[in-house]
Amino acid sequence: MIIKKRNTQVYALGQHIPMSAHKARKVVDQIRGRSYEETLMILELMPYRACYLIFKLVYSAAANASHNRNFKKGELIISKAEVNEGTTVKKLKPRARGRGYPIKRPSCHITIVLKDISLAEEYDYNYLDN
């Protein structure tokens, strides 16, 4: 019996977010592997600046899942969440005695991948039957 696999993953990608990757990873590590509703509650209650931007990405990924693939938001989990370093803008700020002080403005790229657990379990059971 041939089982046609359906893609159960949906993602949202945020590029050139004006924040260091280290600060964004601190938040992303807390939400990896959790359900969609639990993730939204955690992000609303955490006191970091990165939470709002990651909240928007998770919300966008869930909107992609419900609109493009007709997934239910209650059955989504964060299967993969990663933060990569982006470009760094380097400037020189003038200081006393003609010196220049380097200023670095880091950016990062955040990827959030949601997975529908109801479809994943369905395929696992079909695989075990054969």
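The values are calculated or read from the model by the stated rules, or taken from the named source; none is laboratory data. In this text, all values refer to a predicted model and were calculated from it rather than measured experimentally. Heads up, the Cβs are rebuilt from the backbone with ideal geometry, glycines too, and the neighbour counts pull from every protein chain shown. Accessible surface is based on the protein model in full, side chains and every heavy atom, while ligands, DNA and RNA are left aside. Shrake-Rupley method; radii C 1.70, N 1.55, O 1.52, S 1.80 Å.
Points to keep in mind about this one:
- Residues of region 77-85 include at least one that is more than 30 Å from residue 119 (Cα to Cα) and at pLDDT 95 or above.
- Within region 39-65, the set of residues being out of contact with any strand residue (DSSP E or B) (no Cβ under 9 Å at 6 or more places or on another chain) and either among the basic types (Lys, Arg) or free of Cβ contacts under 8 Å to residues at least 24 places away in the same chain (or both) comprises 40, 41, 42, 43, 44, 45, 46, 47, 49, 52, 55.
- Residue 80 being among the charged types (D, E, K, R) and over 19 Å from residue 26 (Cα atoms): no
- Members of region 42-68 found to be assigned to a helix (DSSP H, G or I), open to solvent by 70 Å² or more (accessible area, probe 1.4 Å) and farther than 16 Å from residue 114 by Cα, listed by number: 44, 45, 52
- Counting only residues that are touching a helix residue (DSSP H, G or I) at 6+ places or on another chain (Cβ under 7 Å) and surrounded by fewer than 17 Cβ atoms within 10 Å (Cβ to Cβ), region 83-99 holds 2 of them.
- Selection within region 11-41 - outside any helix (DSSP H, G or I) and farther than 11 Å from residue 110 by Cβ: 18, 20, 32, 33, 34, 35
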